[in-house]
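The values are calculated or read from the model by the stated rules, or taken from the named source; none is laboratory data. The model shown is predicted, which means the values in this text are computed figures rather than measured ones. Positions of Cβ are backbone-derived with ideal geometry, glycine not excepted, and every protein chain shown enters the neighbour counts.
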Amino acid sequence: RRVALAAAADGAARRVLYFGCRRREHDYLYADELQRHADAGDVHSLHVAFSRAGGDKAQREYVQHVMARDANAAELYAALHDNNGYLYVCGDARLMAKDVHAAIARIVDERSGGTASGAKFLEQLSKQGRYQKDVWF
């Protein structure tokens, strides 16, 4: 419902979704639904990561790795910094949320050309209500 309301609003912001889980075939429960939203333009960019896809521990890919890719980092930085975007992080608080937070802080550090501290930027987003976490231990 929220997606439909946001899509119907004039000047609706870009919606970028990063989704991560262990295995595509077992854990990507809403794959068809997410892809339908991406195909319909409700979600402008859908990025997925599967940490156990290859089975090789050295090859694990997490959401923070996908975010850090050049084009994705540029898109994320523009959405948050240039376009006053909102950031919602949902999932495991013990590792994932911390790692995603650190990755976004690095992206801000790198993309700002040293003019902004990623940690301070995320703290400011949080104070403004633009950085929300729904995480569990």
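Where in segment 1-91 are there helices (runs of 4 or more DSSP H), lying wholly inside it, with at least 2 residues that are at pLDDT below 95 and within 23 Å of A102 (Cβ to Cβ)? Step through it out loud before you land on a result.
Numbers: elements: 2-8, 24-27, 31-40, 63-68, 70-77.
Fully inside segment 1-91 and qualifying: nothing.
Could you list, in sequence order, all residues of segment 38-59 that are within 19 Å of the chain's Cα centre (by Cα), charged (D, E, K, R) and surrounded by fewer than 16 Cβ atoms within 10 Å (Cβ to Cβ)?
Within segment 38-59, just D39 meets the criteria.
Got a sec? Which of G118, G129 is modelled with pLDDT of 95 or more and in contact with a Ser or Thr (Cβ under 9 Å, 6 or more places away or on another chain)? I'd like the intermediate steps shown before the answer.
Numbers: G129 fails: in contact with a Ser or Thr (Cβ under 9 Å, 6 or more places away or on another chain).
Within the list G118, G129, the selection yields G118.
Go through segment 111-124 and give me each residue that's outside any loop (DSSP other than H, G, I, E, B) and over 16 Å from K98 (Cα atoms). Before you say what the answer is, go through the steps one by one.
We begin by selecting, within segment 111-124, every residue outside any loop (DSSP other than H, G, I, E, B); these are 111, 118-124.
Residues satisfying the conditions are R111, Q124.
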